[in-house]
1. From the cross-link list Lys131/Lys408; Lys459/Lys505; Lys593/Lys648; Lys209/Lys415, which pairs have alpha carbons spaced over 29 Å apart?
2. So in the chain, which Cys have no other cysteine's beta-carbon sitting under 4.7 angstrom from theirs?
3. Give the angle, between 0 and 90 degrees and rounded to the nearest 10, that separates the Cα long axis of helix 675-684 from the longest principal axis of the Cα atoms of the chain.
4. Considering every pair of different Cα atoms, what Kirkwood radius, in Å, is found for the chain?
5. Based on other C-beta atoms within 10 Å, arrange Glu473, Glu21 from fewest to most.
6. Taking the Cα centre of the stretch 308-446 as the origin and placing charges on Cβ (Lys, Arg +1; Asp, Glu -1), which of Leu402, Thr371, Pro321 is farthest toward the positive end of the dipole?
7. How big is the equivalent ellipsoid of the stretch 329-409 along its three axes, where each semi-axis is √(5λ) from the Cα gyration tensor, reported in whole Å from largest to smallest?
8. Counting other beta carbons within 10 Å of each residue's own, what order do Tyr190, Tyr377, Tyr329 fall into, fewest first?
Amino acid sequence: MTDGDAFTAEIFDFTTLTRLEAVAMLADLRAQIARHNRLYYDEDQPEISDEDYDALMRRLRDLEQAWPDLLDAGSPSQIVGGTVRPVLGAVAHRVPMLSLQDVFNQDDVRDFVQRVGATFEETTVFVVEPKIDGLSVALRYENGLFTLGLTRGDGVHTGEDVTMNLRMIKNLPLTLPEPVADLEVRGEVYLPFEAFERVNARQEAIGGKLFANPRNCAAGTLRQLDPNVVRERGLALFIFNLQLCRGKTFQTHSQSLAWLAEQGFPVIPDYTLCQTADEVLQAVARIGEQRFRLPYGIDGAVIKLDDLSRREQMGATSKMPRWAVAYKYPPEKKETRLLDIVVQVGRTGRLTPMAILKPVQLAGTTVSRATLHNQDYIDALDIRIGDLVQVQKAGDIIPAVLGVNLPKRPPDARKFKLPTTCPVCGAPTEREQDSADVRCTGSDCPAQLARHIIYFASKNAMNIDGLGPATVEALLQGGYVESLADLFSLNQHRDRLIESGIIGKEKSVDNLLSGIDAARQNPLDRLLTGLGIRNIGRQAARVLAGNYPDMDSLMAADEEQLLALPDFGQVSARAVVSFFRQEQTKILIDRLKRAGVRMTGESQIAGRRPLDGLTFVLTGTLPGLSRSQAGELIEKAGGKVSGAVSAKTSYVVAGEAAGSKLDKANQLAVPVIDEAELLRLLEEEE
Ligand code: IVH
């Protein structure tokens, strides 16, 4: 493409491009813009008008919007008049990011107000603010442009550079109307409840780790490396302190907040000016009453001296200012009747006992269900159906049953035990080793279908492009898929899928369908990985596929035969046998066969392969290959990969930070080679 093409202000639907075309176009646009940036900023010799530059940028943004997963932090669209900064580099704080002294009762608040008041002769003014439950950030603006954002880090010396991620927060102003030379503000990044629930629902769908509360989620999100995740998850910001401002002075904190609001900052809402301890306590109580009605979490109220020069006079210890304290509200608890216990099957197959409660108002919401965690928890607290129980919102988020009012236990209270079969699909349940978790072992359990499909389609398994969480969710909701096997008849619904638009336009639908079609030819080890048999990951699936020519012979194998396989212990062998013994599995495999999914391994390559008969153990990080790539190369060349070093190991392939396996190899005098030698071995013996 020439520069000229890019300037035409046509309205173009970028979603109709193929991925490859989009990648090429993005690279081209980014290079053009980077060149014009250089000409403009560094060489002072712009070649194009501002309008043309804006048109290029607009085109880039539109393209990135159409292909959000191709957006990266280094794109010129993500940089405002500055350079790209690495996420999470350490940067020195100019103003320490202090924390606050916590107080837990009214007397401590009165003491604080009295202590501060006694320091000065004239009346003292305090500001009472909600204490937002998120994570602290410092934001730097130079000449009105947002240039740097740091987390607390160690609070005093350095913070982590999260500038690129902060840029993705919608209510963070990137430019200010009154561009003072140097400005630093401090605020709290938080995740609204609604967004938090969305994130966890999605995590659950993909079988990912659930975040315990919005604060953890906000912190994890801001500190991860892909700025797009920040945008998707919907982090937000409140500013609560002016840290530094060159070119402008303020007498009070409240004046500085008012000015910051004029500059477009989302200033901490609902701050109150008070003079006496009673007024302060009233303001604290008022925030306390409101806290359960807010769409975001607060974990206290902050009481601060308003006058800035007086703050200076009082100073700070090495950790906290002497002019402010944080009042922490106690979590709300209530007693109510446990009406029943039901069992939920999560998307990971975990069975969770849930308390059905007589509805009770708690921490701002009506609570009628609470988690009972697991069987051990129920047994330890001797919780029975019909009991009066105390309920609390732990961290004001997840309702939990804390205990039982034993003296009031009704005579007909009933004990509870988790079922031995899944309430959704009827497959046997199984308690995990060394854990209190009980899971459904069903191979095609509807409760776990979304996670199963995502895993089935993942890179290591059937490697089907375009079957990510959002698409899978849409297919399930649209009723297109009720079993893994239904994926292979999706092509019958092509027209309806295109019409409904749930997974994009014609091109996206066709890409997905052809990806699924191609996956039919995957060798057995990929299919076995994708089936998600407990304890059987890619490596074990390769061993199975390497030792059984097809699915039928594997399905006929007994535990003893499987135990003879390299790296197969009782747990894995048993998991395989019980998986294939299930009626659900037999039906699923049968349907997959009928859909034309291949049930055999890689065809044997004629003649000897270079690594035939050799067993390798991989340890540490190899410079050029991932573990699974190295494993694949070895197995393609006839070698076996094992997880443990023994006298039978032919070679240990060691990379950086190799651990105990290397020691073991040395003990047993097993030859140790590096990646380069492995590659040579692969070539030499061919
Ligand atoms: S003032 C020098 N005000 O609470 C300023 N902090 O426990 C000291 N926080 O790390 C903090 N809302 O991240 C202040 N309205 C508010 C706040 C607030 C939340 C956080 C802040 C700090 C932590 C201290």
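Where a number appears in this text, it was derived from the coordinates with a stated rule and is not lab data. Owing to the predicted nature of the structure, the values given are computational and were not obtained by experimental measurement. Here the Cβ positions follow ideal geometry from the backbone for every residue, glycine too, while neighbour counts run over all protein chains shown.
1. On the way: Lys131/Lys408 38 Å; Lys459/Lys505 24 Å; Lys593/Lys648 37 Å; Lys209/Lys415 31 Å.
In this structure, Lys131/Lys408; Lys593/Lys648; Lys209/Lys415 exceed 29 Å between Cα atoms.
2. So far as the 4.7 Å Cβ criterion goes, Cys217, Cys245, Cys274 stand without a partner in the chain.
3. Helix 675-684 and the main axis of the chain meet at about 20 degrees.
4. Working: mean 1/r = 0.0333 Å⁻¹.
That comes to 30.1 Å for the chain.
5. Glu21, Glu473
6. Pro321
7. On the way: eigenvalues 70, 54, 25 Å².
Equivalent ellipsoid of the stretch 329-409: 19, 16, 11 Å, largest first.
8. If I rank by nearby Cβ atoms, fewest first, I get Tyr377, Tyr329, Tyr190.
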